[in-house]
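As structure tokens, the structure follows; a few thoughts come after it.
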Amino acid sequence: MLHIIKYAIKTAVKNRNTFIWTFIFPIALATFMYLAFGNIYNEEFVMKSIPVAVEEGEMQEVLSEFLGGLAQDNGDPYFEVRILDKEGAGKALENGEVSAIITSGAEPSVIVGGEDFKQEIVVSVINSFVRNMRKAGAIRLMTVSEGTDEMQVVLMDETAAEPEVFFVEKSLSKGPQNIYNNFFYAIFAMGCLFSTMGAANLTSKLMPGRTSLSGRLNVCGTSKFKMVVSEMLVYFLVVFIAQMAGYFYMRLIGIELTGDVLAVAGIIAAGALYGVAKGVLIGAIPKISEGIKVGICVGSTMLLSFLADLCTTGIKAGIERTVPIVNRISPAALISDSFMTIYVYEDYGKYFQNLLTLVGMAVVGTSIAIFILSRCRAGKMMLKT
Amino acid sequence: MEYAIEVSKLVKRYKELLALDHFDMTIREGEIFGLLGPNGSGKTTTINCILSLLKYDKGQIRVFGREIKPSDYELKKQIGVVFQEVAVFDELSVRDNIDYFCGLYVDDKVLRKQYVDEAIKFVGLENYEKFVPGKLSGGLLRRLNIACGIAHKPKLIFFDEPTVAVDPQSRNNILEGIVKLRDAGATIVYTSHYMEEVEQICDRILIMDKGKAVATGTAEELKNMTKNRETITLETDALTDADLEVMKGLPHVYDISYENGVLSLYYSAGRNNLVRVVNYLQEKDIAFTNVHSKVPTLNDVFLEITGKELRD
Ligand SMILES: Nc1ncnc2c1ncn2[C@@H]1O[C@H](COP(=O)(O)OP(=O)(O)OP(=O)(O)O)[C@@H](O)[C@H]1O
Ligand SMILES: [Mg+2]
């Protein structure tokens, strides 16, 4: 196995041209996006307060005080809070007077009128609030403490003997940037999915009858398991390193993808593994031509990216409402969602669930590919390559 | 007698084309077995079926008494294949290519190094170890292809037209090498449409045409299948009908022709045929030139059985 790995690396190094694209892709895309709207990272982003309605109810006090207390860098409030009854709030949302309604039940939830970054901010703030509220058990008091350069909103749990402090938002002033960060996460998600194409060749070249070389590799005394796993490993490393290089490049040019590097590496690793395994499976489909395999790779990558809002917005939310299971297994959604879990929600349970789903699908796909490869024969040999 | 390969009633179709038509073949352990047939007769198809690369429609194939399956890596470890089309990695050097393929069979590093060295020597590529395939001439590339197929010292080796495009000197080296491999205990399946090669090295030969086995045996046995054993031709323009009558009566002559001053005598057997003709002409003091005695080749065997030339 080490033997195959060694030569797979040698071949990869000699084949620089193919691999260079893997490296260029995230860096070029990041640069491009940075030029397109990166100025928000340099200039102070000034935004009008977002009008929101808080429904009348048991949490109305806490919520309005909480939301009203959040201020931007320049001192303007983030939200302009109105307390309305259910009907009034609905009307206000319909008329576009408010961007979102926050219900005041025992556990607040958000109703939004559209899908722009304002709504996303409301959703992420309330999600964060709810999560911390769950952790705290009961919230009695809310204090808003003003730091010198960053606002911090804290929730205090007074039921505990020692009052515990929960940070709701570490840096709300970066709110809008988090939204743009989505596009940068998308680069990783796409990078992982695009590795599918390169990986398809790993198994495609092992299909008997494709080329004289594939015939030669099929008659040798090494199991398909060893061959596939070794080659996959090498290609996986290439993709992983390329994505990580992209990540460090993004940080270098000033895109604030803060957070635990290990956590990021985990997502990229799981994503790359998934992408590579998917390619390996597609490459092993018998009886179809190379062209069709490439088509399946490109098509499925596009579809998955589209479903996960990597191209537009709104689709993912739509799926979440109708067939949420799709978002639980759609790789691009899992990847971008995992980034959200570490940057926005700090929800590691979800994080690991996403990663395990990706890795699980990769293992299943690879197993099927190896199963096919170790028993298929060609109907005919290609006469010339 | 142990059989290395038994193929019986093998049928392989490519859509409407019948590539193998109830093809039978048995190969004994330790022999060089020649598969001789014109282009498109099904030699490569046969090998690919035996190697479980190709699906086939009917028939049975046993290798060392076992039905070979795509995942029978134990059996595959004992087999070496030199495909008709060169199968090497363009990115790797000559040495790396051989080492790569050898490593798919042999784990021990020290042993592998020795095997690779031997394979390089076998094909005479010592001066090209660092070259990548793209920098090798056609003949050198074929020699690399051979080295990659045999480096791991397999018990059973398939050579599918290995000498195409190789110069006569190296070709001879390769043929001698193959004989040495046999002497070292390997069983060899050798396909070619060069009858001279096949005749030179093969212990037994199967002649195939249109997916069928038309004759099997040693070169001698095959040649004995033909009616013609010797043809003598000479040029002279002084023969009378009486002379021709006498010559027709010479021992073993079954046919005679005399056209444009060229006399041809066809013999069904016998020795000293030439001496008798020459003696007769001398007695009669008839001048002659350009005497040839031709014994049948495998091509003649093929011609007689199938009605066409082995090579076009
Ligand atoms: N992939 C294929 N699709 C269709 N027909 C094929 C295919 N491969 C081989 N054939 C046909 O099967 C027949 C046998 O081919 P094969 O390659 O076995 O011949 P061969 O004896 O090896 O010839 P050669 O001396 O040219 O190598 C030929 O008529 C060929 O055209
Ligand atoms: Mg052939």
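Listed values, structure above:
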{"quantity": "B:VAL132 vs. criteria over 19 Å from B:LEU20 (Cβ atoms), surrounded by 21 or more Cβ atoms within 10 Å (Cβ to Cβ) and within 9 Å of chain A (Cβ to nearest Cβ)", "calculated": "no"}
{"quantity": "Exclusive hit being small (Gly, Ala, Ser), farther than 19 Å from A:TYR348 by Cβ and in a helix (DSSP H, G or I), set A:ALA242, A:ALA270", "calculated": "A:ALA242"}
{"quantity": "Residue in the range A:315-332 that is over 30 Å from B:LEU54 (Cα atoms), at pLDDT below 80 and in a loop (DSSP other than H, G, I, E, B) present", "calculated": "yes"}
{"quantity": "Qualifying residue in the range B:82-94 (condition: touching a His at 6+ places or on another chain (Cβ under 7 Å), more than 16 Å from ligand 2 (Cβ to nearest atom), among the small types (Gly, Ala, Ser) and in the same structural domain as B:HIS193 (by TED's automatic domain parsing))", "calculated": "no"}
{"quantity": "Residue check, A:ALA270 among the small types (Gly, Ala, Ser), surrounded by 20 or more Cβ atoms within 10 Å (Cβ to Cβ) and in the same structural domain as A:THR196 (by TED's automatic domain parsing)", "calculated": "yes"}
{"quantity": "Failed criterion for B:GLU74 (all others in (1) more than 16 Å from ligand 1 (Cβ to nearest atom); (2) surrounded by 23 or more Cβ atoms within 10 Å (Cβ to Cβ); (3) part of a helix (DSSP H, G or I) hold)", "calculated": "(2)"}
{"quantity": "B:VAL81 being touching a residue at least 60 places away in the same chain (Cβ under 8 Å) and under 22 Å from B:LEU136 (Cα atoms)", "calculated": "yes"}
{"quantity": "All positions within the range B:25-54 that are more than 15 Å from ligand 2 (Cβ to nearest atom), farther than 18 Å from B:SER192 by Cα and not small (Gly, Ala, Ser)", "calculated": "B:ARG28, B:GLU29"}
{"quantity": "For A:LYS205: the one exception among (1) out of contact with any Ser or Thr (no Cβ under 6 Å at 6 or more places or on another chain); (2) within 11 Å of another protein chain (Cβ to nearest Cβ)", "calculated": "(1)"}
{"quantity": "Residue within the range B:171-184 that is within 16 Å of ligand 1 (Cβ to nearest atom), out of contact with any Lys or Arg (no Cβ under 9 Å at 6 or more places or on another chain) and in the same structural domain as B:ASP24 (by TED's automatic domain parsing) present", "calculated": "no"}
{"quantity": "Selected residue (criterion: surrounded by the most Cβ atoms within 10 Å (Cβ to Cβ)) from residues of the range B:184-219 that are more than 20 Å from B:LEU10 (Cβ to Cβ) and among the acidic types (Asp, Glu)", "calculated": "B:GLU197"}
{"quantity": "Qualifying residue in the range B:52-60 (condition: of a type in the set (D, E, K, R), part of a strand (DSSP E or B), within 20 Å of B:GLN78 (Cβ to Cβ) and more than 14 Å from every other protein chain (Cβ to nearest Cβ))", "calculated": "no"}
{"quantity": "Unmet requirement for B:VAL110, which otherwise passes all of (1) in contact (Cβ under 8 Å) with a residue 12 or more places away in the chain; (2) out of contact with any Asp or Glu (no Cβ under 7 Å at 6 or more places or on another chain); (3) more than 12 Å from chain A (Cβ to nearest Cβ)", "calculated": "(1)"}
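The values are calculated or read from the model by the stated rules, or taken from the named source; none is laboratory data. Owing to the predicted nature of the structure, the values given are computational and were not obtained by experimental measurement. So basically every Cβ, Gly included, is an ideal-geometry build from the backbone, and we count neighbours across all protein chains shown.
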